[in-house]
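> Have a look at this one.
Here, each number is a calculation from the coordinates, and none is a lab measurement. These numbers come from a predicted model, not from an experiment. Cβ atoms come from the backbone with ideal geometry, glycine included; neighbour counts cover every protein chain shown.
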Amino acid sequence: MKIFAANWKLFKSPRETRQFFLEFKEKSQSLRDELVFFPPATSWEAAAESLGESKIFWGAQNIWTDPQGAFTGENSAQVLKDLGGRYVLVGHSERRKLFGETNALLAKKVQTVSKLGLTPMLCIGETLEEREKKATNAVNEKQLREGLSLIAAGGPLVVAYEPVWAIGTGRVATPEQAQEAHLYIKKILKDLGFADTKVLYGGSVKPDNAGILLSQPSIDGFLVGGASLEVKSFLEICQAKH
Ligand code: PGA
């Protein structure tokens, strides 16, 4: 089974969220893979209400390490859990770059999510400069080892490999580049005791490149940004041959 995840970033109001799911739930009934949506926090409740008892999961794009307290502007993993959310994105490259999130902080977030019985989706990936310096594997390995350092091996986890240079740029990794990175990531995960962890690819996934990427043996699904905002394009990605 693959996982198709939608990262909506700072898009979609509660009303737009409800509208999207009204159409998507109807049209996705024949899909058998796992589907996960990450709406902005202001639309969590709309997602929870729209998805109800459906088999479609949803989660947070980011949470704070503590479930409550004096943390102005942050989001609570406990509230997410109470509303029925199941996943949390941790360490998306936009969080790392724009908000200065370090591996040490992300390890704590992964720990918080795991402790609550939710599934962390840890995002990793190299910048263009790092790729050009042939540091791709080293960067991924460090982000994995440090990001997973506070949780017990074997627990629920999904990893999303998102090369920073491919996010929102229209510049997708070639199937070979993605496969090579995924293979190395799986090797490290096995070493850390997470042998069965699914590794998703993210970065400019579109309906026209989904099939070729999914044909790679180590790509277990996608984390999709831009192309997940429209029902049609996200459905086409989920339905790409695999
Ligand atoms: P993109 O974003 O599909 O728009 O490149 C992916 C992501 O940021 O998760």
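> Could you please tell me which pairs satisfy a Cβ distance under 6 Å, a separation of 6+ or placement on different chains, a first residue in region 1-30 that is of a type in the set (S, T, N, Q), and a second residue that is within 16 Å of the ligand (Cβ to nearest atom)?
Asn7/Phe38; Asn7/Leu223; Asn7/Gly225; Thr17/Pro39
> A further question follows. Going through region 117-136 one residue at a time, which ones are touching a strand residue (DSSP E or B) at 6+ places or on another chain (Cβ under 7 Å) and either away from the ligand (no atom under 16 Å from the Cβ) or part of a helix (DSSP H, G or I) (or both)?
Leu118, Thr119
> Going through region 88-115 one residue at a time, which ones are surrounded by 15 or more Cβ atoms within 10 Å (Cβ to Cβ) and either touching a helix residue (DSSP H, G or I) at 6+ places or on another chain (Cβ under 7 Å) or β-branched (Val, Ile, Thr) (or both)?
Val88, Val90, Gly91, Ser93, Glu101, Asn103, Leu106, Ala107, Val110, Thr112, Val113
> Would you check which residues across region 137-171 are part of a loop (DSSP other than H, G, I, E, B) and within 13 Å of the ligand (Cβ to nearest atom) and list them?
Hits for region 137-171 are Glu162, Pro163, Ile167, Gly168, Thr169, Gly170, Arg171.
> Looking only at region 224-242, filter to residues that are free of Cβ contacts under 8 Å to residues at least 24 places away in the same chain and either assigned to a loop (DSSP other than H, G, I, E, B) or near the ligand (Cβ under 9 Å from one of its atoms) (or both); which one of those is nearest to Arg145 (Cα to Cα)?
Ala227
> Can I ask one more? Tally up the residues in region 1-23 that are buried (at least 23 other Cβ atoms within 10 Å of the Cβ) and among the hydroxyl-bearing types (Ser, Thr, Tyr), please.
1
> Of the residues that make up region 213-223, is at least one within 14 Å of the ligand (Cβ to nearest atom), buried (at least 19 other Cβ atoms within 10 Å of the Cβ), closer than 20 Å to Arg95 by Cα and under 17 Å from the mean Cα position of the chain (by Cα)?
yes
> I've got another one for you. Can you tell me which of (1) assigned to a helix (DSSP H, G or I); (2) under 18 Å from the mean Cα position of the chain (by Cα); (3) more than 10 Å from the ligand (Cβ to nearest atom) is the one Tyr184 doesn't meet?
Checking Tyr184 against (1) assigned to a helix (DSSP H, G or I); (2) under 18 Å from the mean Cα position of the chain (by Cα); (3) more than 10 Å from the ligand (Cβ to nearest atom), the one that fails is (2).
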